[in-house]
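Encoded as structure tokens, the structure appears first; notes follow it.
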Amino acid sequence: MMNMEPQGGFSYSEADFRRVQEIARQEAGISLPISKRSLVFSRVSRRIRATGRASFRDYLDYVSMREGQEELKELICVLTTNVTQFFREKSHFEHLETHVLPQLGQKLRAGGRGRFWSAACSTGQEPWSMAMSIMAELPDALRMDLKILATDINHAVVETGRIGQYPGEEVQSVPQRWRDAYMEPVEMAQFSMAREIRRLVTFRQLNLNRDWPFKGQFDVIFCRNVVIYFDDETRNALWKRLAERLVPGGFLYVGHSERVDCIRECHLEAVAPTIYMKKG
Ligand SMILES: C[S@@+](CC[C@H](N)C(=O)[O-])C[C@H]1O[C@@H](n2cnc3c(N)ncnc32)[C@H](O)[C@@H]1O
């Protein structure tokens, strides 16, 4: 069998790569193309070293056993891509601020509820950006029944989001007046989300392709730049489940390179590029 070991270290065969592909698909719905094989090698090698296993084969056998289930979660973490930034795809936040929050504010002031979901939140910049848009448009948000749920399959990035502390260069994309209002400078040139705004966001580890342990519906769902890692079937199944979780008139925001194909079946209407509204 061809050895694909790209840069020294453990021996790495096609069969090893195929096993990792299968685990990623089964556990997370993630498709790993062949172009990722070197990346997979270096990331999995790190876990092999950290766990003191002898080889790819030994490690992959281990994560398939009952006693390797905690390590399986770590493997999934290293197979995810977590690139994100504050106010990524700015048009979504402009739409939220101008088309969604003013109307939702009326409902909330009349005693209604507002539920937001950042469904693949990575290290938290997305839900914190949502929170800042909300606070800016609805300054009385903390007195309303309004909550943001932030979830990701990768428990490590969820923890980073919950800690909510970012280096100065990362917060450059946050408008200065919002940085002043909703962040606090802390040690080592870092910025921490301010105490008040933290009350809006709850972080949880969640696999989008498994059962969701909550029943409610959402006014706004951001599910951006995650289905690009899924195959068509997984992606379409997820769009349907997300659409079911939108209240009538609720909005789904997807990544700029993504598209919802099942809009009729999902009772969605495309209201702007990569923004969909649930029909009433
Ligand atoms: C590229 S980041 C996108 C972050 C953010 N939504 C954005 O657009 O900036 C993709 C995220 O999806 C998460 N992810 C991948 N598969 C997932 C799954 N099955 N369930 C939940 N999250 C998943 C990854 O851990 C990663 O943090």
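The values are calculated or read from the model by the stated rules, or taken from the named source; none is laboratory data. All values derive from a computational prediction rather than experimental measurement. As a convention, Cβ positions derive from the backbone with ideal geometry for all residues, glycine included, and neighbour counts pool all protein chains shown. For accessibility, only protein heavy atoms count, side chains too; no ligands or nucleic acids. Shrake-Rupley method; radii C 1.70, N 1.55, O 1.52, S 1.80 Å.
Numerical summary
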| item | result |
| --- | --- |
| The lone exception for ASP140 - which of (1) within 16 Å of the ligand (Cβ to nearest atom); (2) more than 21 Å from the chain's Cα centre (by Cα) it fails | (1) |
| Out of ILE263, ILE228, sole residue that is away from the ligand (no atom under 16 Å from the Cβ) and within 25 Å of LYS90 (Cβ to Cβ) | ILE263 |
| ARG235 surrounded by 20 or more Cβ atoms within 10 Å (Cβ to Cβ), under 21 Å from THR81 (Cα atoms) and not aliphatic (A, V, I, L, M) | yes |
| Single match in ASP219, ASP145 (criterion: more than 15 Å from the ligand (Cβ to nearest atom), without any contact (Cβ under 8 Å) to a residue 40 or more places away in the chain and under 22 Å from LEU101 (Cβ atoms)) | ASP145 |
| The one condition in (1) over 22 Å from the mean Cα position of the chain (by Cα); (2) open to solvent by 50 Å² or more (accessible area, probe 1.4 Å); (3) closer than 19 Å to TRP128 by Cα that GLU94 fails to fulfil | (1) |
| Residues of the range 31-59 satisfying the condition of being under 22 Å from the mean Cα position of the chain (by Cα), open to solvent by 20 Å² or more (accessible area, probe 1.4 Å) and touching a residue at least 24 places away in the same chain (Cβ under 8 Å) | SER31, ARG43 |
| Breaking point among (1) away from the ligand (no atom under 15 Å from the Cβ); (2) over 22 Å from HIS99 (Cβ atoms); (3) open to solvent by less than 40 Å² (accessible area, probe 1.4 Å), for GLY249 | (2) |
| In the range 109-121, residue farthest from THR81 (Cα to Cα) [restricted to those that are open to solvent by less than 10 Å² (accessible area, probe 1.4 Å) and either away from the ligand (no atom under 16 Å from the Cβ) or of a type outside the set (Phe, Trp, Tyr) (or both)] | GLY114 |
| All positions within the range 252-280 that are under 21 Å from LEU101 (Cβ atoms) and modelled with pLDDT under 95 | GLY280 |
| Test result for PRO185, over 14 Å from ILE134 (Cβ atoms) and under 21 Å from the mean Cα position of the chain (by Cα) | no |
| Out of THR98, THR81, sole residue that is of a type in the set (S, T, N, Q) and more than 12 Å from the ligand (Cβ to nearest atom) | THR98 |
| Scan of the range 123-171 for residues that are in a loop (DSSP other than H, G, I, E, B) and either under 16 Å from VAL226 (Cβ atoms) or of a type in the set (Ser, Thr, Tyr) (or both), ordered by number | THR123, GLY124, ILE153, ASN154 |
| Test: GLN69 is open to solvent by 10 Å² or more (accessible area, probe 1.4 Å), free of Cβ contacts under 8 Å to residues at least 40 places away in the same chain and more than 16 Å from the ligand (Cβ to nearest atom) | yes |
| Selection status of MET193, more than 16 Å from the ligand (Cβ to nearest atom) and under 21 Å from PHE222 (Cα atoms) | yes |
| Single condition LEU75 does not satisfy, out of (1) outside the structural domain of ASP211 (by TED's automatic domain parsing); (2) open to solvent by less than 60 Å² (accessible area, probe 1.4 Å); (3) more than 16 Å from the ligand (Cβ to nearest atom) | (3) |
